[in-house]
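The values are calculated or read from the model by the stated rules, or taken from the named source; none is laboratory data. All figures in this text were calculated on a predicted structure; none of them were measured in a lab. Reconstructed Cβ throughout: ideal geometry from the backbone, glycine too, with neighbour counts over all protein chains shown. Heads up: the accessible areas ignore ligands, DNA and RNA and are worked out on the full protein's heavy atoms, side chains in. Shrake-Rupley method; radii C 1.70, N 1.55, O 1.52, S 1.80 Å.
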Amino acid sequence: MRLKDKVALITGAGSGIGWQTAQLFAREGASIVAVDINDKAGVACVVEINSSGGSAVYVRADVSRAVDCYNMIAAAEANFGKLDILFNNAGISHADDDDAINTSEAVWDLTMAVNVKGVFLGCKYGVPALQRAGGGSIINTASFVAVLGAATPQLAYTASKGAVLAMSRELAVIHAGENIRVNALCPGPLRTELLMKYLDTEEKKQRRLVHIPMGRFGEAEEIAKAALYLASDESSFVTGSTFLVDGGITAAYVTPE
Ligand code: NAD
């Protein structure tokens, strides 16, 4: 097992990448703190793990709130005695996020609060826990849009993921000497709820697929496997990376016919 005796906290564990990662990390031997604002989904994630022989607790936390982030980290140490892996994965993509002219301040502020401040607060309270554990791995979910612009704009989302990428690099440099690694996991377009509710017609889907050399959307399980590598000691020399798992989208100029 690749995460034997490790304790992992995963935000956004009720759905998509977070759900798949929680299940995979548990199968690999980690104890899981599953965090979400959707209690039903978060509890379901934990029930699935515990009924399959794993060990998990659910903690409700809105990652944009400092007190919630403090409490989720405290819950990890209270339940399992330490924290080794912090996966700041929760994020939102607002339906009304658009270009600079049409994006409201409210949508901008909400997106920044969850996607950027949420990662900051996770680290603010999580880094001291990793220090107490003697080191660990932080994985922050950014996106391929942190390095590529799209003509189908989601300006607040894109800016927020750029911030996560830059923040992850700096955290990696600051904490490199403390045995704490920090990487930005950058998924390409995935066949998850978050993207599919936005690409709600076949035409919109095809408009995106044409840019992906592999010709398909990624699966949340494929991102979970990348997270497993970054969480485990197999990636012991990997820190500060822009870890793209994107079907080649950022490598492409012209895609295959
Ligand atoms: P998802 O919508 O399936 O799951 C996100 C989960 O986060 C949900 O369970 C939701 O309840 C939870 N959440 C939302 N706001 C929260 C908050 N304030 N506090 C705590 N939990 C909260 O999304 P996903 O596709 O699994 O995306 C996970 C991450 O991956 C996000 O950061 C997203 O931006 C990023 N990402 C997704 C894609 C994609 O195509 N789906 C691509 C690149 C990056």
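Somewhere in the stretch 81-99, is a residue open to solvent by 10 Å² or more (accessible area, probe 1.4 Å), within 14 Å of the ligand (Cβ to nearest atom) and in a helix (DSSP H, G or I)? Working first, answer last.
Step one: list which residues in the stretch 81-99 are open to solvent by 10 Å² or more (accessible area, probe 1.4 Å), which gives 81-82, 84, 89-96, 98-99.
When the remaining residues are screened for being within 14 Å of the ligand (Cβ to nearest atom), the result is 89-95.
Next, from what is left, pick out any that are in a helix (DSSP H, G or I): none.
Checked the stretch 81-99: no residue is open to solvent by 10 Å² or more (accessible area, probe 1.4 Å), within 14 Å of the ligand (Cβ to nearest atom) and in a helix (DSSP H, G or I).
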Looking for whichever is touching a Phe, Trp or Tyr at 6+ places or on another chain (Cβ under 9 Å) and farther than 26 Å from L130 by Cα here; the options are K205, K197. Which one fits? K205
Residues that are modelled with pLDDT of 95 or more, hydrophobic (A, V, I, L, M, F, W, C), more than 12 Å from the chain's Cα centre (by Cα) and within 23 Å of R208 (Cα to Cα), drawn from the stretch 130-167: F144, V145, A146, V147, L148, L155, A156, A159
Within the stretch 237-254, take every residue that is hydroxyl-bearing (S, T, Y) and surrounded by 15 or more Cβ atoms within 10 Å (Cβ to Cβ) and give me the one that is farthest from the chain's Cα centre (by Cα). T250
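Scan the stretch 2-58 for residues that are assigned to a strand (DSSP E or B) and more than 11 Å from the ligand (Cβ to nearest atom) and jot them down.
Taking the stretch 2-58 and keeping what is assigned to a strand (DSSP E or B), we get 7-11, 31-36, 55-58.
V7, A8, L9, S31, I32, V33, S55, A56, V57, Y58 - these are the residues of the stretch 2-58 that are assigned to a strand (DSSP E or B) and more than 11 Å from the ligand (Cβ to nearest atom).
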How about the stretch 100-114: which of its residues are out of contact with any Phe, Trp or Tyr (no Cβ under 9 Å at 6 or more places or on another chain) and either in a helix (DSSP H, G or I) or of a type in the set (S, T, N, Q) (or both)? N102, T103, S104, E105, A106, V107, W108, D109, L110, M112, A113, V114
Residue check: is G136 in contact with an Asp or Glu (Cβ under 7 Å, 6 or more places away or on another chain) and surrounded by 14 or more Cβ atoms within 10 Å (Cβ to Cβ)? yes
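May I ask you to say which residue of I174, I180 is away from the ligand (no atom under 11 Å from the Cβ), touching a residue at least 40 places away in the same chain (Cβ under 8 Å) and more than 15 Å from the chain's Cα centre (by Cα)?
Working: I174 fails: touching a residue at least 40 places away in the same chain (Cβ under 8 Å).
Going through I174, I180 in turn, just one is away from the ligand (no atom under 11 Å from the Cβ), touching a residue at least 40 places away in the same chain (Cβ under 8 Å) and more than 15 Å from the chain's Cα centre (by Cα): I180.
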For K117, are the conditions met, namely being part of a helix (DSSP H, G or I), open to solvent by 50 Å² or more (accessible area, probe 1.4 Å) and closer than 17 Å to S143 by Cβ? yes
Out of (1) over 18 Å from L230 (Cβ atoms); (2) hydrophobic (A, V, I, L, M, F, W, C); (3) buried (at least 21 other Cβ atoms within 10 Å of the Cβ), what's the single condition that is false for A146? (1)
Go through (1) over 19 Å from A227 (Cβ atoms); (2) over 18 Å from the mean Cα position of the chain (by Cα) and name the single condition S52 misses. (1)
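Look through the stretch 100-114, keep the residues that are of a type in the set (S, T, Y) and open to solvent by 20 Å² or more (accessible area, probe 1.4 Å), and return whichever of them is farthest from the ligand (Cβ to nearest atom). Talk me through it step by step, then tell me what you get.
Filtering the stretch 100-114 down to residues of a type in the set (S, T, Y) leaves 103-104, 111.
Restricting the remaining residues to those that are open to solvent by 20 Å² or more (accessible area, probe 1.4 Å) gives 103-104.
Values: T103: 16, S104: 18 Å.
Among residues in the stretch 100-114 that are of a type in the set (S, T, Y) and open to solvent by 20 Å² or more (accessible area, probe 1.4 Å), the one farthest from the ligand (Cβ to nearest atom) is S104.
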Can you give me the number of residues within the stretch 193-236 that are within 16 Å of the ligand (Cβ to nearest atom) and either within 17 Å of the chain's Cα centre (by Cα) or closer than 18 Å to R27 by Cα (or both)? 16
Residues of the stretch 168-215 that turn out to be open to solvent by 20 Å² or more (accessible area, probe 1.4 Å) and in contact with a strand residue (DSSP E or B) (Cβ under 6 Å, 6 or more places away or on another chain), as a count: 2
